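The values are calculated or read from the model by the stated rules, or taken from the named source; none is laboratory data. Computed from a prediction, not measured in an experiment: that's the story for all the values here. No Cβ is skipped: glycine too gets one built from the backbone with ideal geometry, and neighbour counts run over all protein chains shown.
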Amino acid sequence: MASPPKIKPYNMNATKDIGKVNRIIDAVCEEFQVEKKVLLSPTREQHYIYIRHCIVYTVKRVLNINISCTKMGKLMKRNHASILHGVKTAMNLIVTDNNEFVRYMNRVIKVAKYATREEIIIFNHIAQL
């Protein structure tokens, strides 16, 4: 006799996490005065790339929002590999002390309103160097 199909447990927080990410994207668009449609378009202008990398890094590493790279990619109109690349690139830009990127990062974290006070102070300190 065949075993019954396995039922995946429903993640009650998945909808909340997607809502958080959408609110972060909307708030960042407002802060940087860019249209969401343009930010999520395939444009390769550095300004938009930095904003996208900051959003992805903030969601995945700073705030630790539990959302898969695939779902994050769908929200950002990218594939999961682009999300992973964005996180890695953001880490490299922070470590190499890219002042312009760190200024973007500061603004994104402040706008997200979910970051802790310590993280904001750390990024402010880096930006002042």
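For this structure, a couple of remarks:
- Being over 17 Å from residue 16 (Cα atoms) and free of Cβ contacts under 8 Å to residues at least 12 places away in the same chain is a property that holds for residue 45.
- Among the residues of the range 27-41, the one identified as under 19 Å from residue 69 (Cα atoms) and without any contact (Cβ under 8 Å) to a residue 24 or more places away in the chain is 39.
- Residues of the range 41-55 that are over 22 Å from residue 103 (Cβ atoms) and surrounded by 13 or more Cβ atoms within 10 Å (Cβ to Cβ): none at all.
- Taking the numbered list (1) at pLDDT 95 or above; (2) among the small types (Gly, Ala, Ser); (3) closer than 23 Å to residue 106 by Cβ in turn, residue 27 passes all entries but (1).
- Filter pass, residue 18 being assigned to a helix (DSSP H, G or I), out of contact with any Gly (no Cβ under 9 Å at 6 or more places or on another chain) and either farther than 20 Å from residue 104 by Cα or at pLDDT below 95 (or both): yes
- Number of the exception - residue 115 against (1) modelled with pLDDT of 90 or more; (2) part of a loop (DSSP other than H, G, I, E, B): (1)
- Here residue 68 meets each of (1) among the small types (Gly, Ala, Ser); (2) under 21 Å from residue 110 (Cβ atoms); (3) modelled with pLDDT of 85 or more with one exception, condition (2).
- Unmet criterion (only one of (1) more than 20 Å from residue 26 (Cβ to Cβ); (2) among the polar types (S, T, N, Q); (3) crowded, with 20+ Cβ neighbours inside 10 Å) for residue 58: (1)
- Top-ranked residue of the range 71-98 - restricted to ones that are at pLDDT 90 or above and surrounded by fewer than 13 Cβ atoms within 10 Å (Cβ to Cβ), ranked as farthest from residue 20 (Cα to Cα): 96
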